[in-house]
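Here's the structure, in structure tokens; my notes come after.
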Amino acid sequence: LFIFTDLDGTLLNQNDYRYDDALPILEILKNKNIPVIPVTSKTKAEVESLCAEIGLNDPFITENGSGIFIPKDDFRFDTTQALTTESYNYISLGFEYHNARCILWEISQKLKTDLVGFGDLSPEDIVNLTGLSLNEAILAKTRNFTEPFLTPKHINPSLLQNIAQEYQATIVVGDRFSHLISAKAGKGNAVKWLLNNYHNLEEKITTIGLGNSPNDISLLESVDIPIIIPNPDGVHKGLKNKNWQVAPHSGSKGWSQVITEIILSHKI
Ligand code: 2M8
């Protein structure tokens, strides 16, 4: 069993980013050696800090499927194609951050509209927009592959998408922001990469995926058991037409309830 999970609004509460309700079941999963793999819009810097806090040691996928980071002491995946940093073997499916910024600028020229990205915002601006702490906002600005930007209200989303395609880019929608990512990235593609490069291919692994926003659709489509975590005000409108199980609560409480039910009822 593998669990692929979005973070903001899914394992973490949407408004306060807390995860306390999920700690007991996370401990059980750790004792059962069930990997919990974050698949998030967040940066490597943010996920590392969070994993250290929560005690997660599995691979993780950052910036909407752009970076796949596998700890160097984790030999379960084929990393012959991977690049290396001090602690990880990693695969990049994404742009370099500088290119993502340039493409966003080109698109804003074409649309004759300012598109305001994280690179244009100060850490204090990001604190005000997100409710992150100042230190967390600095980690969120430490981007490697993608540019989150304020969703422009008066621009047709399909026009934005069509222009992005001219640059081999795509726009995905998260909780609060839109994100410019490489067309080769996306949460689903990164999940598929990990599953295809899992050494023990003969063993049939069941995969669970959890998410709350439109950028989680490709993740949820890539797993055996997709689960929607509702937002505090209900299921995101972009996920309402999906026929997937919906957790009984939002955030970490909902996460914990569905996973506890699956694990303790021996459904798997
Ligand atoms: C951004 O991601 C969220 C995730 O859904 C969003 O689009 O609202 C990211 O840039 C991430 O780095 C940051 O931590 C988060 C803060 O809310 O916003």
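Read-outs: derived from the displayed coordinates by stated rules, not from any lab. Just so it is clear, the model here is predicted, and its values are computed rather than measured. Here the Cβ positions follow ideal geometry from the backbone for every residue, glycine too, while neighbour counts run over all protein chains shown.
State to the nearest 20 debye the size of the charge dipole of the range 121-190 about its Cα centre, where the only charges are +1 on K and R beta carbons and -1 on D and E beta carbons.
That gives the range 121-190 a dipole magnitude of about 180 debye.
Residues S41, S222, S92, arranged from fewest to most other Cβ atoms within 10 angstrom of their Cβ, appear as S92, S222, S41.
For an R0 of 45 angstrom, estimate the FRET efficiency from the Cβ-Cβ distance between L159 and K204 and round to the nearest 0.05. The computed FRET efficiency comes out at 0.55.
Scan the chain and report its longest stretch carrying no trypsin sites (Lys or Arg not before Pro) that are both in a DSSP loop and have at most 11 other Cβ atoms within 10 Å. Before the final figure, lay out the partial values.
Details: sites that count: K32, K112, K153, K204, K240, K267.
Result, exposed sites excluded: 33-111.
Rounded to the nearest 500, what is the chain's calculated 222 nm mean residue ellipticity when only DSSP H runs of at least 4 contribute -39500 (n - 2.57) each, over all residues? Theoretical 222 nm ellipticity from helices: -9500 deg cm²/dmol.
With Cα atoms defining each centre, the range 138-163 and the range 48-79 are spaced 24 Å apart in the structure. Taking the number of Cβ atoms within 10 Å of each Cβ as an exposure proxy, the fewest-first ranking of V223, V116 is V116, V223. Quick one: of K30/K187; K44/K187; K42/K153; K153/K237, which pairs are farther than 18 Å apart, Cα to Cα? Over 18 Å apart, Cα to Cα: K30/K187; K42/K153.
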